[in-house]
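In what follows, a structure is listed as structure tokens, so that the remarks can point back to it.
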Amino acid sequence: MASAPLGVTATAGDTQATVSWSPPASDGGAEISQYTVTGSPGGATASTTATTTIITGLTNGTSYTFTVRATNAEGPSGPSAPSNAVTPFAPPPDFTIPGTLSLDGVSSSTAFALIGPIVTLSPRGGGSSTVVAAASDGSFATLNVLEGTYTITASSEGFLAAERQSVVVSGSNVIMPGVSLRGGEVTGDSTVSIRDISAIAASFGSSPSNRLDGEGRPVDVNGDGAVDIKDISTAASNFGASGPTVW
């Protein structure tokens, strides 16, 4: 008869647990053909030929341990030592934050897609940020957002960022109001100034690759393939503005 499996560990999930173990130190002279896992309380079981399995049908909020038996031609082994105790849990609810943004002076969906604005969701107090790209029609949606308080920022090269602070997600989706990013900030200092207008003017009449001049500045502000009076006019209309603007 085989000895009992070793090192049984468990990890909780939603109404289930993943249980893993190592083969027994001795197979008793016959190949192990099956392992049987039993949960306690409740006696939920699962059988497998592998050394890991998922026990389903558990009750969230109840603490469980698991034992494993190895079976070969001689019959089942004794039970292993119990696993660590785990408590299945329901995942926290998550929500969606949809919205629509536009770009000052940009009306073509092709140009919008080239410019490629993004929306960044940052939890207040720290943690990982989520970044999503806006579609060519300006729509966006951040998915799987947990309850909490966030700062949401829309940004794109050549435009002042817009920011909305203290967005509270609790119990339902949050629909963001529309926002238009103000264009002409091409030098990267978050202010539309004579430096930006001068940079655009220096490339006037050119058709820069991917909107950028030789210094990597997005002088083709509106993304139509040419640096012209429309780009200068966009910057001039926002002269003196600084970002991030209020969303």
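Residues in the stretch 54-102 that are part of a strand (DSSP E or B) and over 30 Å from the mean Cα position of the chain (by Cα): Y64, T65, F66, T67, V68, R69, A70, T71, N72, G75, P76. Of all residues in the stretch 184-195, exactly one satisfies the criterion of being in a loop (DSSP other than H, G, I, E, B) and without any contact (Cβ under 8 Å) to a residue 24 or more places away in the chain, namely D189.
For the stretch 196-213, which positions are surrounded by fewer than 17 Cβ atoms within 10 Å (Cβ to Cβ), of a type outside the set (S, T, N, Q) and part of a loop (DSSP other than H, G, I, E, B)? Before you say what the answer is, go through the steps one by one.
Taking the stretch 196-213 and keeping what is surrounded by fewer than 17 Cβ atoms within 10 Å (Cβ to Cβ), we get 198, 201-202, 204-210, 212.
Now restrict to residues that are of a type outside the set (S, T, N, Q): 201-202, 204-205, 208, 212.
Answer for the stretch 196-213, where residues must be surrounded by fewer than 17 Cβ atoms within 10 Å (Cβ to Cβ), of a type outside the set (S, T, N, Q) and part of a loop (DSSP other than H, G, I, E, B): F204, G205, P208, L212.
Going through the stretch 143-156 one residue at a time, which ones are surrounded by fewer than 19 Cβ atoms within 10 Å (Cβ to Cβ) and outside any strand (DSSP E or B)? Of everything in the stretch 143-156, just one residue is surrounded by fewer than 19 Cβ atoms within 10 Å (Cβ to Cβ) and outside any strand (DSSP E or B), namely E147. Selection over the stretch 119-142 of residues that are within 12 Å of G99 (Cα to Cα), in contact (Cβ under 8 Å) with a residue 24 or more places away in the chain and part of a strand (DSSP E or B) gives a count of 5. Picking from residues in the stretch 77-111 that are out of contact with any Ser or Thr (no Cβ under 8 Å at 6 or more places or on another chain), touching a residue at least 40 places away in the same chain (Cβ under 8 Å) and under 23 Å from T245 (Cα atoms), the one that is surrounded by the most Cβ atoms within 10 Å (Cβ to Cβ) is V106. Being free of Cβ contacts under 8 Å to residues at least 40 places away in the same chain, in the same structural domain as R164 (by TED's automatic domain parsing), outside any helix (DSSP H, G or I) and surrounded by fewer than 19 Cβ atoms within 10 Å (Cβ to Cβ) is a property that G216 has. The residues on offer are G61, G29, G7, and the sole one that is of a type in the set (G, A, S), farther than 30 Å from S136 by Cβ and at pLDDT below 95 is G29. Residue check: N210 meets all listed conditions (1) at pLDDT 95 or above; (2) farther than 14 Å from I232 by Cβ but one, namely (1).
If I go through the stretch 59-76 residue by residue, how many of them are surrounded by 16 or more Cβ atoms within 10 Å (Cβ to Cβ) and not polar (S, T, N, Q)? So that I can check it myself, show each step before the final result.
Going residue by residue through the stretch 59-76, those that are surrounded by 16 or more Cβ atoms within 10 Å (Cβ to Cβ) are 64-72.
So of that shortlist, the ones also not polar (S, T, N, Q) come out as 64, 66, 68-70.
Qualifying residue count for the region: 5.
Do you know which residues across the stretch 157-183 are assigned to a loop (DSSP other than H, G, I, E, B) and either under 23 Å from G116 (Cβ atoms) or of a type outside the set (G, A, S) (or both)?
Passing the criteria: E157, L160, A161, N173, V174, I175, M176, P177, G178, R182.
Only residues that are surrounded by 13 or more Cβ atoms within 10 Å (Cβ to Cβ) and either basic (K, R) or on the phi > 0 side of the Ramachandran plot (or both) were counted across the stretch 37-58, and they come to 1. Taking residues in the stretch 44-56 that are more than 15 Å from T11 (Cβ to Cβ), and partners anywhere that are in a loop (DSSP other than H, G, I, E, B) and not β-branched (V, I, T), the pairs with Cβ atoms closer than 8 Å and at least 6 places apart or on different chains are A44/G57; A44/L58; T49/S33.
Of the set (1) in contact (Cβ under 8 Å) with a residue 60 or more places away in the chain; (2) in contact with a strand residue (DSSP E or B) (Cβ under 6 Å, 6 or more places away or on another chain), all apply to S233 but (2).
The values are calculated or read from the model by the stated rules, or taken from the named source; none is laboratory data. Values in this document were obtained by computation on a predicted structure and should not be read as measured data. All Cβ positions, glycine included, derive from the backbone under ideal geometry; neighbour counts span all protein chains shown.
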